[in-house]
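For reference, the structure is listed below as structure tokens.
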Amino acid sequence: MSYLELQDLHTHFSQRGGTIFSPQHHTIRAVNGVTLSIEKGEILGLVGESGCGKSTLSRTIMQLIPATSGAVVLDGENLSALPKSLIRKRRLDFQMIFQDPYASLNPRMTVFSTLSEAICQRHPNVKGNALVERVKTLMATVGLDPKVMQKYPHEFSGGQRQRIAIARALAPEPKLIIADEPVSALDVSIQSQILNLIKKLQKDLGLTMIFISHDLGVVHYIADRIAVMFGGQIVESGSADRVFHEPEAEYTKKLLASIPQLKTTA
Ligand SMILES: Nc1ncnc2c1ncn2[C@@H]1O[C@H](COP(=O)(O)OP(=O)(O)OP(=O)(O)O)[C@@H](O)[C@H]1O
Ligand SMILES: [Mg+2]
């Protein structure tokens with residue numbers, strides 16, 4: 001069995017429409033039968049156009065929204081069947097990094113409070129100097145100078161804010177990280193720095209990761225395997241090189257032709 005298995009996963013939303021005199025309901029099949037497996041220590045790149053269901057799939061894996069049917073099995077445990085109290089505990093094992101670090105960080109919390117709070121989720125008994133040391137180590141790990149720990153998110157650049165968000169995701173020592181378009185909001189010059197940081201951390205810490213992007217070039221650069229999503233389904237998956245250089249699905253070929261590729265420097 002693989003480390004993370006998605007078994008015929010469906011997430012549907014029902015939407016009301018029409019008028020008061022002729023109400024209409026229709027179902028949005030945002031995730032519509034996804035079966036995927038991800039090995040421990042692997043980066044799976046999930047790519048597809050806007051609205052194809054990438055974020056809904058990641059929120060379903062994270063148990064932030066309930067699956068309509070199917071199962072999410074992490075390390076042999078069916079998360080979809082766990083009671084809410086246990087989900088809350090398990091959630092420390094899987095963390096997210098979002099597109100917009102400014103929106104995902106609390107503007108009223110300093111870097112120190114953000115990171116110490118996240119560390120204490122896993123280690124509630126770490127306090128005082130030991131906690132400060134852990135925050136310093138974490139900041140250094142993501143390339144931030146520990147001297148700026150008393151600053152607020154607005155005092156940082158976009159790239160630095162994403163480093164804080166990455167540090168916060170790492171703080172509870174997760175096993176699985178889902179990064180949902182983590183570089184899309186950044187300047188192109190900063191994108192490759194953050195991509196390289198994510199790649200290095202994933203390797204050093206042996207993390208399992210799902211990296212979401214609409215850009216096949218970015219996903220090819222960072223991922224071991226690529227899954228291509230269209231209309232709530234996976235239309236193609238395989239090794240990153242195979243999908244990028246010899247795409248089989250017509251949709252992947254179109255995606256490849258239409259997306260400008262990011263020039264990355266290792
Ligand atoms: N809470 C919700 N209620 C109703 N429909 C939703 C909800 N969340 C997402 N959807 C719909 O589900 C579909 C998939 O959306 P989703 O955000 O997962 O796509 P995405 O691939 O992440 O897109 P993007 O690249 O723009 O982030 C869209 O049609 C969206 O409008
Ligand atoms: Mg999205």
Among the helices (runs of 4 or more DSSP H) confined wholly to the range 179-262, which include 3 or more residues that are crowded, with 20+ Cβ neighbours inside 10 Å and out of contact with any Lys or Arg (no Cβ under 7 Å at 6 or more places or on another chain)?
-> 188-205, 216-222
For I119, all conditions in the list (1) within 19 Å of I65 (Cβ to Cβ); (2) touching a Lys or Arg at 6+ places or on another chain (Cβ under 6 Å); (3) among the aliphatic types (A, V, I, L, M) hold save one; what is the number of the exception?
-> (1)
Starting from the range 66-91, take each residue that is over 20 Å from E42 (Cβ atoms) and list its partners that are assigned to a loop (DSSP other than H, G, I, E, B), counting only C-beta distances under 6 angstrom and pairs at least six apart or across chains.
-> S80/A67; I87/Q63
Restricting attention to helices (runs of 4 or more DSSP H) lying wholly within the range 1-107, give those where 3 or more residues are basic (K, R).
-> 84-90
Which residue pairs have Cβ atoms under 9 Å apart, sit 6 or more places apart or on different chains, and have a first residue in the range 31-43 that is in contact (Cβ under 8 Å) with a residue 60 or more places away in the chain and farther than 16 Å from F211 by Cβ and a second that is of a type in the set (S, T, Y) and part of a loop (DSSP other than H, G, I, E, B)?
-> V31/T68
In the range 154-177, is there at least one residue being surrounded by 19 or more Cβ atoms within 10 Å (Cβ to Cβ), within 28 Å of I61 (Cα to Cα) and in contact with a Gly (Cβ under 7 Å, 6 or more places away or on another chain)?
-> yes
Residue check for V111: more than 15 Å from ligand 1 (Cβ to nearest atom) and either under 16 Å from T208 (Cα atoms) or under 17 Å from the mean Cα position of the chain (by Cα) (or both) = no
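Bear in mind these aren't lab numbers, they're just calculated from the coordinates by the rules spelled out. From a predicted model like this one, the values you see are computed outputs, not experimental measurements. For neighbour counting, all protein chains shown are included, and Cβ atoms are generated from backbone atoms with ideal geometry for every residue, glycine included.
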